[in-house]
Amino acid sequence: MRVYNTLNRKVELIRSIHEKKIGFYACGPTVYFYAHIGNMRTYITQDILRRALIHEGYSVRHVMNITDVGHNVGDGDVGEDKVRMEAKAEHKGMDDIINFYTDKFFKEESILNIQRPEVVCKASEHINDMLELIERLDAGSYLYKASNGVYFDTSLSKKYGELAGTTFERMNKELKAGARVERPQGIRNITDFAVWRFAEHNEKDMVWDTRFGRGFPGWHIECSAMSMKYLGEQIDIHAGGVDHIPIHHTNELAQSEAATGKRFVRYWVHGEFMTVDGHKMSKSLRNIYTVDDIIKRGYLPMAYRYLCLTVHYRNMLNFTFEALEHSQKSLKSIYAIISRISALNDTGTVDKNLAEEIKTVRDSFFSCIEDDIDTPSALSKLHALASLAGRKNLSGAECSRILDVFLEFDEVLGLRFNMHLSSALPKEAKELIEKREDARRNKDFNTSDEIRTRLRKEFKISVEDTDQGTIWFSSID
Ligand SMILES: [Zn+2]
């Protein structure tokens, strides 16, 4: 398996620290608001990577943090804590905000069929781990006090900025030239960042009394401390969005390596941004969509997942409802084929050439995945398999071989193909669908409509007639 490593700026073969094991850390959400579909694209990418590694035979330990404190407005060190600010705005406690948006996040993840990481860790529950790491940095004389917190001196970091392809000097010069970054008093370098922020406004929630002062951790120290706790001082893969490269991941890397003297991460994997109708998502353009918005407009959440796979994770994805519609159509055609061939009985004879063709398609699909998770090319192999499934006179053995390959593809794609197997239907629902098809053939549309209503009411199944035949969707689709 090869991935593009941001640190070395090339596609590299994954060699894990421990044989057949992968330690995988992904920066999770800051739970102060709804995650939008652009955020979810990042988690879908990570899910595909995780599934691909598992398919390759790795045992993956995937750790994701939940940032419930310490992430400031503007991502820097002077803005207010995002969760605290939202709590004030909504006249609620920080806990209420955290619980509400964390639940919402995991509901959306499960709707999008994103597998839950082995470890999900909340920042506020790991303050001692962060303090231990801060102590280590202090013992190494990397820290100093400024007006609003305890800062890491980035001039002492050996290769500060290397992840972003730059240097300490260049970054400081550029930031100074821009002069738009507000920095607190008493800092030594513009790039320095707080590992501990002092409480300011008599805050009661989410502040801790420590020898570094009364306050709360910096956002970056959270990820360093929690990744070390659950994955050790060196990890195989660290993932996040491209927006994390210049500040959050650069700072995580600097302080982790300062504390341990070891390489922190072997492979940094970053997913590109998403635009909507060619524009950056923003509140003023009213173009921020959530998974709920997609469902409300009548789309399958899996159609969104499919749409994400049509663009390579390192390329910008421009979201439009037209593109979503197109993705949904393609996905439904696959569902219909799976439904149809899983219901077929032995009708034809075995064709040796076909077996060979199925194998070629299967192998080339996984070559695409292994090549830096090239999902757009993998999807073209998926459709190649679908066209093999469309051949006339397939034998039962051939159908079941093709089905096996569809399901193996779906171990990585996660598009819920198994929900569309004939065997996934309750017996009574299956009989009703067959009856309905008979009724339609006889142009008895009243009966066909009655059955459609019964399926919805009794089994929460909706049916749809396509060129490929009838497909069904249960409410979870
Ligand atoms: Zn992080």
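List of remarks:
- Cα gyration tensor shape for the range 143-193, rounded if a/c is under 1.5, else prolate or oblate: oblate
- Remark on residue 146: its backbone amide H falls under 5 Å from those of 151, a criterion applied only to residues 5 or more positions apart or on other chains, H modelled at 1.01 Å from N.
- Mean separation of Cα contacts under 8 Å, 6 or more apart, over the residue count of the chain: relative contact order %: 16
- Computed about its Cα centre, the charge dipole of the range 365-438 is approximately 400 debye, with only Lys, Arg, Asp and Glu carrying charge at their Cβ.
- Rounded to the nearest 20 debye, dipole of the chain from Cβ charges on Lys, Arg, Asp, Glu: 440
- Relative contact order of the range 425-477, defined on C-alpha pairs under 8 angstrom at six or more residues apart (%): 24
- Positive dipole terminus of the chain, leading residue within 448, 422, 178 (C-beta point charges): 178
- Under the span-like rule (Cα at least 27 Å along the axis, Kyte-Doolittle mean at least -0.5), DSSP H helices of the chain: 321-343, 352-370
- Between residue 393 and residue 56, the simple spin-label model (points 7 angstrom out along Cα→Cβ) gives 4.3 nm.
- When the Cα positions of 79, 63, 89 are compared along the charge dipole of the range 45-112, 63 comes out farthest toward the positive end, with charges on each C-beta of Lys, Arg, Asp and Glu.
- Toward the positive end of the charge dipole of the chain, with +1 on the Cβ of Lys and Arg and -1 on the Cβ of Asp and Glu, the farthest Cα among 413, 113, 248 is that of 413.
- A DSSP coil position with no more than 10 other Cβ atoms inside 10 Å describes the following trypsin sites (Lys or Arg not before Pro) in the range 330-429: 392.
- Taking the fewest neighbouring Cβ atoms within 10 Å as the starting point, the ordered list for 399, 308 is 399, 308.
- Prolate/oblate/rounded label for the range 2-271 (Cα gyration tensor, a/c 1.5): oblate
- Gyration tensor verdict on the chain (Cα atoms; rounded if a/c is under 1.5, prolate if a/b is larger than b/c, oblate otherwise): prolate
- For the range 20-74, the set of trypsin sites (Lys or Arg not before Pro) satisfying both a DSSP loop assignment and a count of at most 15 other C-beta atoms within 10 Å is given as 20.
Read the figures in this text as sums done on the coordinates, not as results from a lab. Quantities reported herein were computed from a predicted structural model and do not represent experimental measurements. Every residue, glycine among them, receives a Cβ derived from its backbone with ideal geometry; neighbour counts consider all protein chains shown.
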